[in-house]
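These notes concern the structure reproduced below.
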Amino acid sequence: MEGLTLGEIALKLGLTLNGNPSDRVTHVATLKSAQPGALTFLANSKYRDDLSSTRATVVVCREADVAQCPTAALIAQDPYVAYAQIATWLHPKRATSGGVHPSAVVDPTAIVPVSATIAAQAYIGPRVVVGERVSVGVGSALVSDIHLGDDTQIGPKVSIYPHVNVGARCLIHGGAVLGADGFGMAMNQGQWLKVPQVGGVRLGNDVEVGANTTIDRGAIEDTIIEDDVHLDNQIQVGHNVRIGAHTAIAGCVGISGSTHIGQYCMIAGFVGIAGHLKIADRTVILGFSLVSHSIDEAGVYSSGIPVEEAKTWRRTVGRLRQLDELNKKVKRLVKLQDGEE
Amino acid sequence: MEGLTLGEIALKLGLTLNGNPSDRVTHVATLKSAQPGALTFLANSKYRDDLSSTRATVVVCREADVAQCPTAALIAQDPYVAYAQIATWLHPKRATSGGVHPSAVVDPTAIVPVSATIAAQAYIGPRVVVGERVSVGVGSALVSDIHLGDDTQIGPKVSIYPHVNVGARCLIHGGAVLGADGFGMAMNQGQWLKVPQVGGVRLGNDVEVGANTTIDRGAIEDTIIEDDVHLDNQIQVGHNVRIGAHTAIAGCVGISGSTHIGQYCMIAGFVGIAGHLKIADRTVILGFSLVSHSIDEAGVYSSGIPVEEAKTWRRTVGRLRQLDELNKKVKRLVKLQDGEE
Amino acid sequence: MEGLTLGEIALKLGLTLNGNPSDRVTHVATLKSAQPGALTFLANSKYRDDLSSTRATVVVCREADVAQCPTAALIAQDPYVAYAQIATWLHPKRATSGGVHPSAVVDPTAIVPVSATIAAQAYIGPRVVVGERVSVGVGSALVSDIHLGDDTQIGPKVSIYPHVNVGARCLIHGGAVLGADGFGMAMNQGQWLKVPQVGGVRLGNDVEVGANTTIDRGAIEDTIIEDDVHLDNQIQVGHNVRIGAHTAIAGCVGISGSTHIGQYCMIAGFVGIAGHLKIADRTVILGFSLVSHSIDEAGVYSSGIPVEEAKTWRRTVGRLRQLDELNKKVKRLVKLQDGEE
């Protein structure tokens, strides 16, 4: 790899360079482990202690951190954004070669352009339409009646059911399942009766779906994931959910059926969201929280309780269970007090 | 599609029709988006506002809602059950054709009837016995020594380990893993010693297993899922769990080893259940709850706390940690008060 | 199966035998269902009631339980450890035969020794190096540039991305995904910018990874799972996490990026751990807990609240929300009281 000179980087991103513009970096590294030739960055203050001893060729950092920086610095308002852009140049995705691996199975009614890459043991079923430069990973199954937009990348062992529509430049990681039946049934004379799930799934452009994440097909209409939504691993998205553009959701979140999440929301890991709710645009939900009612106003919401020593916590839970009684005692005391005054 | 006349539907289900029996519906739709030719329903009162403006040909609803219904109405005591039955007629599952795809691998010792459909790249291993009209999805792996009952359907990329027994009319969605080892090991001189997991898994009839759900094999005896159990996506079922008939469990639930759940239970999403417990028949557990002790009596149980503004919640958590102290203060006050009286 | 005599077992493990050394057992069973010929054990006191009626040939138990044991007894300090060892002898893993199934695809640049077993439809990609006696399950995808240590076993439908290094004697269960992208992106002018994930994943020796568990590749450096770590099913391990040797983690746990967990920790099911934390060696975290700050000292930690009747719980949550107010009331009362005294 030839890398980039610091001058080139500064120019491309309009950053101020504190250092020699002809110095060259070939790869990214952490502050702590960087060696000469590496570009690194300081964005999270938790890592500031590592700055003074870094051996990197250059650090992307804020103006305020330049004084402590022992090496060249590229000054950015948002060092993480600048780092992301530079890292993409230094570590470009391997271009896929195009072509269908001989062990892949492509149905004669599927449309696969020459620019697309279909990996070993992938399956492209009836009436699947694959966009330009798409890549489908090893052993992924596109069952039938699916559309993948241009430049979309599908990881290994992904399952896509019929009537799923994926936009352009999407990234679907390994083991994800798009379009399995929603969880719908009605109790009828002591036996569950399955409700047919006849909707599909629609993903906008630039959507990322994490490994082993599942997005169910709609019961009647489609489940919809709008543009630039990012879903981490092991997320469950129920039928007829709608997730607004630019929303990011961390791992292990579960979203029950028919809930609509707004745009630019940020939902941390391990959040459970009940069904048939509406979450306002730009809502932030902190980790390990339960959302059981709609959220009408943007804001930061939470219901998680951080761990403490189990012995102390057990006592607290015991007290919690007596809270109603405690409340009554205090009421009585207040009343008596008021009577005295 | 030819569809059904309202008269035919009323007759088949014994419903009262308020409208023209020769009108015809061809598909289902939501109240909001329905066009002429569509059948829709009103079951959840959250959607009652959409009733008056629906353009559907007919609405399945309760007697009480007929007055507000601008179109024909099929009157049902349980509109959701009636809808489920009609939707199954209007949107029948595509009949599978039978036959083994040339890219599938079927071991010579496996038994696969002509009526079964084995999709592309599926694997039917040694001594696997497949029932009549079974379908196995693209790229699913039935490793060995497995039995699938008649009319069972397996989605894409499902893994079934040896010694798993699946009943008739089951539906296993994509990415599910049945029969992986339970989590059993003993600490021995500073190193974990694996405990062999020699049991299997048994699923009754009419069981549904959601996408990417995992059901571990038993440590000694089998893990058992009884008839008509419905499991949503991303559920983890530990070794030697037993789930009673007709129980329904929503997404992201985890059930630890050797716990026995009764019949007709309903467990909402994101519930964690500890090991070696017994849960009574017809128990309902609300979402985001922890079950760490057995439940002996049917009832509705919960321990989830809904989100509020993070700032307020942080203060509440702070107060919660001081609850023991608060309790002591009140005790002292009550004592003083009693002394005074 | 020929089985073992009680004398052989006692000798091999140095246990005291209370019974006839020439009696023979061929398999393991539970106390309750054991028949003659079976070996069983009593370790968890919850099952003590089953001891007196067992029909097993021998019970592995503690000295204190011998008096109640109606059959032969093998006396062990830790009956579960002794049981695990005996069960491994009575139920040995089927030896794999070695060889590559004709439907598997092995890239010409991959190295696969004759002792390795590559199952049907598995994929061994470019520059993958497979150790001696390794087995790769049906339909697993080793994409490229991967190393598997000797005697490692990979289940069905496992996905391993490039630059993942797996040690010796590891056990990776079905549907696990190792090395998918970490969840990293930066908000740039209203659009998410993906941060390239250029690190890999390293697993030590004797690591177990549960079904459908996901371990993300590092953002810059590797995600590291040290020796003898055991991960149950459906766990999410974020990028740049490090898990110390001999730590065991139960199902449905989520660990956010860059968190370092110590050695010999035990983390129960459904625990959520935030990012960039440090958890001390030998920390125990009980189920359904949130860890949002570092834990500096070994101990037992918890924040889970067990269910109670929903009606009662709803009242408690209401009171909880008024806790700050209650606190103020008590403060006022204490003040008044102090004034009086």
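Conditions first: (1) assigned to a loop (DSSP other than H, G, I, E, B); (2) more than 16 Å from A:Ile225 (Cα to Cα); (3) open to solvent by less than 10 Å² (accessible area, probe 1.4 Å). A:Gly182 passes all but one, so which condition is the exception?
Condition (2) is where A:Gly182 drops out.
Quick one: count up the residues across the stretch B:278-291 that are in a loop (DSSP other than H, G, I, E, B), more than 9 Å from every other protein chain (Cβ to nearest Cβ) and on the phi < 0 side of the Ramachandran plot. Please lay out each step first, then the result.
Of the stretch B:278-291, the ones in a loop (DSSP other than H, G, I, E, B) are B:280-283, B:286-289.
Then keep just the ones that are more than 9 Å from every other protein chain (Cβ to nearest Cβ); that gives B:280-283.
Retained after the next criterion (residues that are on the phi < 0 side of the Ramachandran plot): B:280-281, B:283.
Of the residues in that region, 3 qualify.
Would you please list the contacts, defined by Cβ atoms under 9 Å and residues six or more apart or on different chains, that run from a residue in the stretch C:127-150 that is in contact (Cβ under 8 Å) with a residue 60 or more places away in the chain to a residue that is small (Gly, Ala, Ser) and not in a loop (DSSP other than H, G, I, E, B)?
Note: no pairs meet the criteria.
Give B:Gly182, B:Gly199 a once-over and let me know the one that is closer than 26 Å to A:Lys157 by Cβ and out of contact with any Leu (no Cβ under 9 Å at 6 or more places or on another chain). So that I can check it myself, show each step before the final result.
Values: B:Gly199 fails: closer than 26 Å to A:Lys157 by Cβ.
Of the residues listed, the single one that is closer than 26 Å to A:Lys157 by Cβ and out of contact with any Leu (no Cβ under 9 Å at 6 or more places or on another chain) is B:Gly182.
List the residue pairs whose Cβ atoms are under 9 Å apart, where the first residue sits in the stretch C:241-256 and is surrounded by fewer than 24 Cβ atoms within 10 Å (Cβ to Cβ), the second is of a type in the set (Gly, Ala, Ser) and modelled with pLDDT under 95, and the two are 6 or more positions apart or on different chains.
Listed pairs, sorted by first residue: none to list.
If I filter the stretch B:77-100 down to residues being closer than 30 Å to A:Val105 by Cβ and within 11 Å of chain A (Cβ to nearest Cβ), which single residue comes out as surrounded by the most Cβ atoms within 10 Å (Cβ to Cβ)?
Of all residues in the stretch B:77-100, those closer than 30 Å to A:Val105 by Cβ come to B:91-100.
With the extra rule that they be within 11 Å of chain A (Cβ to nearest Cβ), the set shrinks to B:91-94.
Values: B:His91: 16, B:Pro92: 10, B:Lys93: 9, B:Arg94: 8.
Checking each candidate, the answer is B:His91.
Might you check whether a residue that is part of a loop (DSSP other than H, G, I, E, B) and facing another protein chain (nearest Cβ under 7 Å) occurs anywhere in the stretch A:324-340?
no
Taking the condition of being among the β-branched types (Val, Ile, Thr) and either outside any helix (DSSP H, G or I) or at the interface with chain C (Cβ under 7 Å from one of its Cβ atoms) (or both), how many residues in the stretch A:300-323 meet it?
Initial filter on the stretch A:300-323 (among the β-branched types (Val, Ile, Thr)): A:300, A:305, A:307, A:312, A:316-317.
Narrowing further to those that are either outside any helix (DSSP H, G or I) or at the interface with chain C (Cβ under 7 Å from one of its Cβ atoms) (or both): A:300, A:305, A:307, A:317.
So the answer is 4.
Could you figure out which of (1) free of Cβ contacts under 8 Å to residues at least 60 places away in the same chain; (2) open to solvent by less than 40 Å² (accessible area, probe 1.4 Å) isn't true of A:Asp23?
The one condition A:Asp23 does not meet is (2).
One residue is enough: does the stretch C:244-266 have a residue meeting the conditions assigned to a loop (DSSP other than H, G, I, E, B) and in contact with a Cys (Cβ under 6 Å, 6 or more places away or on another chain)? It would help to see each step written out before you state the result.
Here is the first cut: in the stretch C:244-266, the residues assigned to a loop (DSSP other than H, G, I, E, B) are C:244-247, C:250-253, C:256-259, C:262-265.
Remaining after also requiring in contact with a Cys (Cβ under 6 Å, 6 or more places away or on another chain): C:247.
The answer is yes; a qualifying residue exists.
All but one of (1) surrounded by fewer than 20 Cβ atoms within 10 Å (Cβ to Cβ); (2) hydroxyl-bearing (Ser, Thr, Tyr); (3) within 14 Å of chain B (Cβ to nearest Cβ) hold for C:Ser294; state the number of the condition that does not hold.
Single failed check for C:Ser294: (3).
Please enumerate the residues belonging to the stretch B:264-289 that are open to solvent by less than 20 Å² (accessible area, probe 1.4 Å), closer than 14 Å to C:Gly269 by Cα, over 14 Å from the mean Cα position of the chain (by Cα) and aliphatic (A, V, I, L, M).
The one that is open to solvent by less than 20 Å² (accessible area, probe 1.4 Å), closer than 14 Å to C:Gly269 by Cα, over 14 Å from the mean Cα position of the chain (by Cα) and aliphatic (A, V, I, L, M): B:Ile273.
What about A:Thr54, is it among the hydroxyl-bearing types (Ser, Thr, Tyr), modelled with pLDDT of 95 or more, within 23 Å of C:Gly218 (Cα to Cα) and in a loop (DSSP other than H, G, I, E, B)? Lay out the reasoning, then the answer.
Values: among the hydroxyl-bearing types (Ser, Thr, Tyr): yes; modelled with pLDDT of 95 or more: yes; within 23 Å of C:Gly218 (Cα to Cα): yes; in a loop (DSSP other than H, G, I, E, B): yes.
For A:Thr54, the condition - among the hydroxyl-bearing types (Ser, Thr, Tyr), modelled with pLDDT of 95 or more, within 23 Å of C:Gly218 (Cα to Cα) and in a loop (DSSP other than H, G, I, E, B) - is met.
Given the conditions (1) open to solvent by less than 30 Å² (accessible area, probe 1.4 Å); (2) touching a residue at least 24 places away in the same chain (Cβ under 8 Å); (3) over 21 Å from B:Asp107 (Cα atoms); (4) not hydrophobic (A, V, I, L, M, F, W, C), and given that C:His163 satisfies all but one, which numbered condition is not satisfied?
Every condition holds for C:His163 apart from (1).
With respect to C:Gly275, is the statement that it is assigned to a loop (DSSP other than H, G, I, E, B), within 7 Å of chain B (Cβ to nearest Cβ) and modelled with pLDDT of 95 or more true? It would help to see each step written out before you state the result.
On the way: assigned to a loop (DSSP other than H, G, I, E, B): yes; within 7 Å of chain B (Cβ to nearest Cβ): no; modelled with pLDDT of 95 or more: yes.
Spelling it out, it is not the case that C:Gly275 is assigned to a loop (DSSP other than H, G, I, E, B), within 7 Å of chain B (Cβ to nearest Cβ) and modelled with pLDDT of 95 or more.
Yes or no: C:Ala73 at pLDDT 95 or above, under 30 Å from C:Gly19 (Cα atoms) and in a strand (DSSP E or B)? It would help to see each step written out before you state the result.
Working: at pLDDT 95 or above: yes; under 30 Å from C:Gly19 (Cα atoms): yes; in a strand (DSSP E or B): yes.
For C:Ala73, the condition - at pLDDT 95 or above, under 30 Å from C:Gly19 (Cα atoms) and in a strand (DSSP E or B) - is met.
Scan the stretch B:185-222 for residues that are open to solvent by less than 20 Å² (accessible area, probe 1.4 Å), more than 15 Å from B:Ser256 (Cα to Cα) and within 14 Å of chain A (Cβ to nearest Cβ) and report the count.
The qualifying residues number 7.
Anything in the stretch B:32-50 that is of a type in the set (A, V, I, L, M) and at pLDDT 95 or above? List them, or say none. Explain how you work it out, then say what you get.
As a first pass, look at the stretch B:32-50 and keep what is of a type in the set (A, V, I, L, M): B:34, B:38-39, B:42-43.
Result: B:Ala34, B:Ala38, B:Leu39, B:Leu42.
Go through B:Leu333, B:Leu323 for me and flag whichever is farther than 30 Å from B:Ile235 by Cα, touching a Leu at 6+ places or on another chain (Cβ under 6 Å), free of Cβ contacts under 8 Å to residues at least 12 places away in the same chain and open to solvent by less than 20 Å² (accessible area, probe 1.4 Å).
Numbers: B:Leu323 fails: touching a Leu at 6+ places or on another chain (Cβ under 6 Å).
Among B:Leu333, B:Leu323, only B:Leu333 is farther than 30 Å from B:Ile235 by Cα, touching a Leu at 6+ places or on another chain (Cβ under 6 Å), free of Cβ contacts under 8 Å to residues at least 12 places away in the same chain and open to solvent by less than 20 Å² (accessible area, probe 1.4 Å).
Got a number for residues in the stretch A:118-176 being touching a Pro at 6+ places or on another chain (Cβ under 6 Å), assigned to a loop (DSSP other than H, G, I, E, B) and not polar (S, T, N, Q)? Show your work before the answer.
Start the filter on the stretch A:118-176 by keeping residues that are touching a Pro at 6+ places or on another chain (Cβ under 6 Å), which leaves A:132, A:137-139, A:141, A:143-145, A:159, A:174.
Next cut, assigned to a loop (DSSP other than H, G, I, E, B) only: A:132, A:137-139, A:143-145, A:174.
Right, trim to not polar (S, T, N, Q) and you get A:132, A:137-139, A:143, A:145, A:174.
Selection size over the stretch A:118-176: 7.
Out of A:Leu51, A:Leu11, which single residue is of a type in the set (A, V, I, L, M, F, W, C) and either surrounded by fewer than 17 Cβ atoms within 10 Å (Cβ to Cβ) or over 30 Å from the mean Cα position of the chain (by Cα) (or both)?
Values: A:Leu51 fails: either surrounded by fewer than 17 Cβ atoms within 10 Å (Cβ to Cβ) or over 30 Å from the mean Cα position of the chain (by Cα) (or both).
Exactly one residue qualifies, and that residue is A:Leu11.
Can we say B:Ser103 is out of contact with any helix residue (DSSP H, G or I) (no Cβ under 7 Å at 6 or more places or on another chain), without any contact (Cβ under 8 Å) to a residue 24 or more places away in the chain, more than 14 Å from chain A (Cβ to nearest Cβ) and hydroxyl-bearing (Ser, Thr, Tyr)?
Numbers: out of contact with any helix residue (DSSP H, G or I) (no Cβ under 7 Å at 6 or more places or on another chain): yes; without any contact (Cβ under 8 Å) to a residue 24 or more places away in the chain: yes; more than 14 Å from chain A (Cβ to nearest Cβ): no; hydroxyl-bearing (Ser, Thr, Tyr): yes.
No; evaluated as a whole, the condition is false for this residue.
Quick one: which of C:Asp150, C:Asp145 is within 12 Å of chain A (Cβ to nearest Cβ) and modelled with pLDDT of 95 or more?
Values: C:Asp150 fails: within 12 Å of chain A (Cβ to nearest Cβ).
Among C:Asp150, C:Asp145, only C:Asp145 is within 12 Å of chain A (Cβ to nearest Cβ) and modelled with pLDDT of 95 or more.
What do you reckon, is C:Pro156 over 21 Å from the mean Cα position of the chain (by Cα) and free of Cβ contacts under 8 Å to residues at least 60 places away in the same chain?
Working: over 21 Å from the mean Cα position of the chain (by Cα): no; free of Cβ contacts under 8 Å to residues at least 60 places away in the same chain: yes.
No: the conditions fail for C:Pro156.
Which condition does B:Val143 not pass, out of (1) out of contact with any Gly (no Cβ under 6 Å at 6 or more places or on another chain); (2) open to solvent by 20 Å² or more (accessible area, probe 1.4 Å), if it passes all the others?
(1)
Among the listed residues C:Leu17, C:Leu39, which satisfies the condition of being in a strand (DSSP E or B) and open to solvent by 10 Å² or more (accessible area, probe 1.4 Å)? First the steps, then the outcome.
Values: C:Leu39 fails: open to solvent by 10 Å² or more (accessible area, probe 1.4 Å).
Going through C:Leu17, C:Leu39 in turn, just one is in a strand (DSSP E or B) and open to solvent by 10 Å² or more (accessible area, probe 1.4 Å): C:Leu17.
The values are calculated or read from the model by the stated rules, or taken from the named source; none is laboratory data. Keep in mind it's a predicted model, so treat the numbers as computed, not measured. Neighbour counts run over all protein chains shown; Cβ positions are idealised from the backbone, glycine included. Remember, those area values only see protein heavy atoms, side chains included, never the ligands or the DNA or RNA. Shrake-Rupley method; radii C 1.70, N 1.55, O 1.52, S 1.80 Å.
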